[in-house]
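Every number here is computed from the coordinates shown, using simple stated rules; none is lab data. Here the structure is a predicted model, which means the values were calculated and not measured. So basically every Cβ, Gly included, is an ideal-geometry build from the backbone, and we count neighbours across all protein chains shown.
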Amino acid sequence: MMTVDGLDGAEAVVSGGGSGIGAAVVRLLERSGANVHVADLSGDPPVDVTDRGTLDALASRIRADHGGLDVLVNAAGILTQNLPVDDMPADDFRRNYEVNVIGTVNACQAFGPLLRARCGAVVNVASQAALVSLPQQAAYTAAKGAVTALTRSLAIDWAEHGVRANAVAPGFTLTPMTAAFFENEDFTRAATRRIPLGRILDADEVAAAIVFLASPLASAITGIVLPVDGGWTAGEPALPW
Ligand SMILES: NC(=O)c1ccc[n+]([C@@H]2O[C@H](COP(=O)([O-])OP(=O)(O)OC[C@H]3O[C@@H](n4cnc5c(N)ncnc54)[C@H](O)[C@@H]3O)[C@@H](O)[C@H]2O)c1
């Protein structure tokens, strides 16, 4: 079983840790010796990243019990309906921004003092859509683009406190968020053909990159957006010359 060095005894928060990529991050952090707090709508107690009060309550408990935080992974996210940009309701833009961007800001602000106490690390989950647009996903794409810009701002503002901030940009990964897409054989065939490695990714593969960036192995890395996408953003796969 894979583990990541340098996380034994670390204190970690994973938003969206109840499902998919976030849940895979929780498993890998725990195997690596970290004590993980899940911040998810489905958690007990539920945490809503759009509700600063629920994040502050978790931060207070961690401060009282552990005094600081080594790792914050922001994996909570939503994906709204596919529509051409002309037809996309403003509310879809608002919902994507509210959860994917402001939810990330809320968590960074709530846990920032605890991260500073331990010179911790933040990893945000963006998307390949932030780097190469997906059709009919303007609201999600714009929000994930904001997550990558936000990550660079965090890296710069928090560098003086010794806190690192990075993002991963996952490609198509089989999770509850995307399962319905992959039930469509035409979609799966087209997506797979477009991915140079020729396959849909597993959540554990994305988690490995996230936990690496969160760990002391990445101590010199801050402000990057790491594609974890099977080559999607590198370019088109082979052409029939
Ligand atoms: N699956 C993919 O192909 C893929 C690709 C690129 C990026 N991503 C991103 O990865 C992240 C995780 O996605 P996933 O595929 O694991 O999805 P998922 O739906 O399996 O998991 C998302 C989790 O976030 C939680 N969540 C949603 N809104 C929340 C809120 N307001 N407060 C707290 N928790 C909330 C959900 O309860 C769920 O447990 C998302 O940010 C997503 O945009 C996924």
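Could you calculate the FRET efficiency of residue 51 with residue 241 from 1/(1 + (r/R0)^6), where r is the beta carbon distance between them and R0 is 35 Å, rounded to 0.05?
FRET efficiency, residue 51 to residue 241: 0.05.
Taking the C-alpha atoms of the chain, how large are the radius of gyration and the largest Cα-Cα span, Dmax, in Å?
17.5, 63
Calculate, in whole percent, how much of the Cα-Cα pair population of segment 19-111 lies beyond 15 Å. Spell out each step's value before the answer.
Working: 2752 of 4278 pairs.
It works out to 64 percent of all Cα pairs.
Any idea what angle helix 185-194 forms with the longest principal axis of the chain, computed on alpha-carbon atoms, 0 to 90 degrees, nearest 10?
80 degrees
Can you give the net charge of the other residues whose Cβ lies under 14 Å from the Cβ of residue 110, counting K and R as +1 and D and E as -1?
Computed value for this residue: +1.
In debye, nearest 20: dipole of the chain around its Cα centre with unit charges on the Cβ of K, R (+) and D, E (-)?
440 debye
Based on the mean of other Cβ atoms within 10 Å per residue, sort peptides 2-9, 169-176, 182-189, 234-241 so the most packed one is first.
Details: 2-9: 14.5, 169-176: 21.4, 182-189: 11.1, 234-241: 7.6.
Going by the mean number of other Cβ atoms within 10 Å, highest first, we get 169-176, 2-9, 182-189, 234-241.
Compute the FRET efficiency between residue 133 and residue 157 as 1/(1 + (r/R0)^6), taking r as their Cβ-Cβ distance and R0 = 22 Å, and round to the nearest 0.05.
The pair residue 133/residue 157 has a calculated efficiency of 0.20.
I'd like to know which of 111, 77, 54 lies farthest towards the positive end of the charge dipole of segment 48-122, counting +1 on Cβ of Lys and Arg and -1 on Cβ of Asp and Glu.
The Cα lying farthest towards the positive end belongs to 111.
Could you work out the percent of alpha carbon pairs in segment 73-121 separated by over 17 Å, rounded to a whole number? Please list the in-between numbers first.
On the way: 559 of 1176 pairs.
Of all Cα-Cα pairs in segment 73-121, 48 percent lie more than 17 Å apart.
Once you've got the GNM for the chain with C-alpha springs shorter than 10 Å, pick whichever of 217, 154, 115 has the biggest mean-square fluctuation.
217
Could you identify which residue out of 139, 207, 190 has the top mean-square fluctuation in a GNM of the chain using Cα springs shorter than 10 Å?
The residue that fluctuates most here is 190.
Let me have the 222 nm mean residue ellipticity of the chain computed from DSSP H runs of 4+ only, each contributing -39500 (n - 2.57), with the sum over all residues rounded to the nearest 500.
Mean residue ellipticity at 222 nm (helix-derived): -12500 deg cm²/dmol.
Ordered by packing density, taken as the mean number of other Cβ atoms within 10 Å over each peptide's residues, highest first, how do 43-53, 155-165, 123-133 rank?
Descending mean neighbour count gives 123-133, 155-165, 43-53.
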